[in-house]
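Undergrad: The following block contains the structure, expressed as structure tokens.
The values are calculated or read from the model by the stated rules, or taken from the named source; none is laboratory data. Owing to the predicted nature of the structure, the values given are computational and were not obtained by experimental measurement. When we count neighbours, we look across all protein chains shown, and the Cβ atoms used for this are built from the backbone with ideal geometry, even at glycine.
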Amino acid sequence: MNLAIPDVDFLRGLVKSARQRPHQVSWVDRDGTARVTSLSADEDRKVGELARKLKVSKQALLRLAAEQPALGKAAKPPA
């Protein structure tokens with residue numbers, strides 16, 4: 001395969017994560033919609049660390065993340 005090393009590393013990472021068993025977290029979005037987020041082992045570990053840091057569950061952490069404004073958008077001034 002004639003690809004640059006970063007591209008080959010990217011593809012290897014995809015294959016590695018595809019071989020791992022995904023971790024699924026069920027949570028409720030801010031509009032009340034039930035969601036299921038599939039996480040790789042590394043993502044699950046990071047979400048777990050962040051949840052412990054904030055002393056909340058993984059489900060609550062994803063709900064809090066859903067309430068955060070999108071990056072790059074200016075916050076609305078108070079009315």
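Undergrad: Counting only residues that are hydrophobic (A, V, I, L, M, F, W, C) and assigned to a loop (DSSP other than H, G, I, E, B), which one in segment 1-19 is modelled with the lowest pLDDT?
TA: At the first step, the residues of segment 1-19 found to be hydrophobic (A, V, I, L, M, F, W, C) are 1, 3-5, 8, 10-11, 14-15, 18.
Going one step further and asking which of them are assigned to a loop (DSSP other than H, G, I, E, B), we end up with 1, 3-4.
Details: Met1: 75, Leu3: 91, Ala4: 93.
Among residues in segment 1-19 that are hydrophobic (A, V, I, L, M, F, W, C) and assigned to a loop (DSSP other than H, G, I, E, B), the one modelled with the lowest pLDDT is Met1.
Undergrad: If I ask for residues that are within 25 Å of Ala66 (Cβ to Cβ), among the hydrophobic types (A, V, I, L, M, F, W, C), without any contact (Cβ under 8 Å) to a residue 24 or more places away in the chain and surrounded by 11 or more Cβ atoms within 10 Å (Cβ to Cβ), which ones from segment 1-40 would you list?
TA: Scanning segment 1-40 gives a single hit, Leu39.
Undergrad: Test Glu43 against the stated conditions and say whether it is charged (D, E, K, R) and in contact with a Lys or Arg (Cβ under 7 Å, 6 or more places away or on another chain).
TA: For Glu43, the condition - charged (D, E, K, R) and in contact with a Lys or Arg (Cβ under 7 Å, 6 or more places away or on another chain) - is not met.
Condition check ((1) outside any helix (DSSP H, G or I); (2) of a type in the set (Phe, Trp, Tyr); (3) touching a helix residue (DSSP H, G or I) at 6+ places or on another chain (Cβ under 6 Å)) across all residues:
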| residue | (1), (2), (3) |
| --- | --- |
| Arg21 | yes, no, no |
| Val25 | yes, no, yes |
| Arg45 | no, no, no |
| Pro69 | yes, no, no |
